[in-house]
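Following: one structure in C-alpha cells, then a few remarks.
The numbers here are math on the coordinates, done by the rules we state, and not lab data. Note that the structure is predicted; figures quoted are calculated from it, not measured. Neighbour counts are summed over all protein chains in view; Cβ atoms, including those assigned to glycine, are modelled from backbone coordinates with ideal geometry.
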Amino acid sequence: MDCQIRDAVSDDLDALKCLEEACFSLPWTREQLQSELPDERHEFLVAEENGKVLGYIGMMTVLDEGYISNVAVAPDARRRGIGRALVREMLGRAARRELAFVTLEVREHNESAIALYAGEGFLPVGVRRGYYEKPKEDAILMTYLFIEDEDI
C-alpha cells in the first residue's frame with residue numbers, strides 16, 4: 001500500500017462526499033461529514049494516494065469510549081490493505097487517547113469487513129436488529145477492548 005494516512009481537513013469534504021455516494025446506500029451529507037472533522041471529540045482520517053482520497057475512517061469519543069462511525073474505501077481501491085491500515089491507525093490513536101474500548105457496527109452480511117475487524121482484534125458482542133436500511137439488515141456490534149474488564 002502506497003497511501004498516506006492523515007487527518008481529514010475541510011478541503012477533503014467534496015472527495016469524502018463522492019466516496020460516501022460510491023460506498024453507501026444512504027450516504028452522509030457534506031454537513032454530516034464536516035461535523036466529523038478532527039476536534040477534541042473526533043478523529044477523522046483519510047487514506048490518500050497521489051492527491052486522491054481513497055478511503056476514510058471516523059471515530060467519536062465520549063469519555064474513555066470510542067465509536068467508529070464509518071469506514072469506507074473506494075470500490076476500485078479495495079483489497080489493497082487500505083481499510084486495514086485505516087483501522088490500525090485509528091486503534092493507535094485510540095490507544096494514545098487511553099480509551100477503554102472502540103466499538104462499531106457492521107452489516108451482518110458484509111463478510112469482508114467482519115473478517116477485517118476480527119483480524120484486528122474486534123470481537124462480536126451483540127446484534128442491533130434492523131439497524132441498516134436499503135437494504136434492511138441487522139448490524140453486528142463489534143468491540144475492541146484495550147483493557148480486560150468483565151464489566152464492559
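Can you find, among 100, 24, 70, the residue farthest towards the positive end of the dipole of the chain? Put +1 on the C-beta of Lys and Arg, -1 on that of Asp and Glu.
Final value for the positive-end residue is 24.
Note down the magnitude of the dipole of the chain about its Cα centre, charges +1 on Lys and Arg C-beta and -1 on Asp and Glu C-beta and zero elsewhere, to the nearest 20 debye.
Roughly 480 debye, rounded to the nearest 20.
If each residue of separation counts as 0.36 nm, what is the full-extension length gain between residue 64 and residue 100 once their alpha-carbon separation is subtracted?
12.4 nm
Can you tell me, using C-alpha contacts under 8 Å and at least 6 residues apart, the relative contact order of segment 24-124 as a whole percent?
Reported as a whole number, the value is 20 percent.
Can you compute the radius of gyration and Dmax for segment 4-145, using only the Cα atoms, both in Å?
Reported Rg and Dmax, both Å: 14.2, 40.
If each residue's Cβ is checked for other Cβ atoms within 10 Å, how do 56, 117 rank with the fewest at the top?
Fewest to most other Cβ atoms nearby, the residues stand as 117, 56.
Tell me the net charge near residue 112. Cut-off is 12 Å between Cβ atoms, residue 112 excluded, with +1 for each Lys or Arg and -1 for each Asp or Glu. Could you put the intermediate results ahead of the total?
Working: positive: 78, 79, 84, 107; negative: 111.
It works out to a net charge of +3.
For the modelled label position 7 Å from the Cα of residue 13 along Cα-to-Cβ, which residues of segment 37-61 have backbone nitrogen atoms closer than 13 Å?
Inside the label zone: 37-38.
Determine the calculated [θ] at 222 nm for the chain from helices alone, applying -39500 (n - 2.57) to every DSSP H run no shorter than 4 residues and normalising by the residue count; nearest 500 deg cm²/dmol.
About -7500 deg cm²/dmol.
Could you sort the peptides 39-45, 132-138 by per-residue average Cβ neighbour count (10 Å cutoff), highest mean leading?
Most protected by this proxy first, the peptides run 39-45, 132-138.
Among 104-112, 26-34, how do they line up from the highest to the lowest mean number of other beta-carbon atoms within 10 Å?
In descending order of packing, they fall as 104-112, 26-34.
Looking at the chain, send over the antiparallel percent of its DSSP beta bridges, to the nearest 5.
In the chain, DSSP labels about 90 percent of beta bridges as antiparallel.
Quick check: residue separation of residue 49 and residue 125 times 0.36 nm, minus the Cα distance between them. What number comes out in nm?
23.9 nm is the gain from fully extending residue 49 to residue 125.
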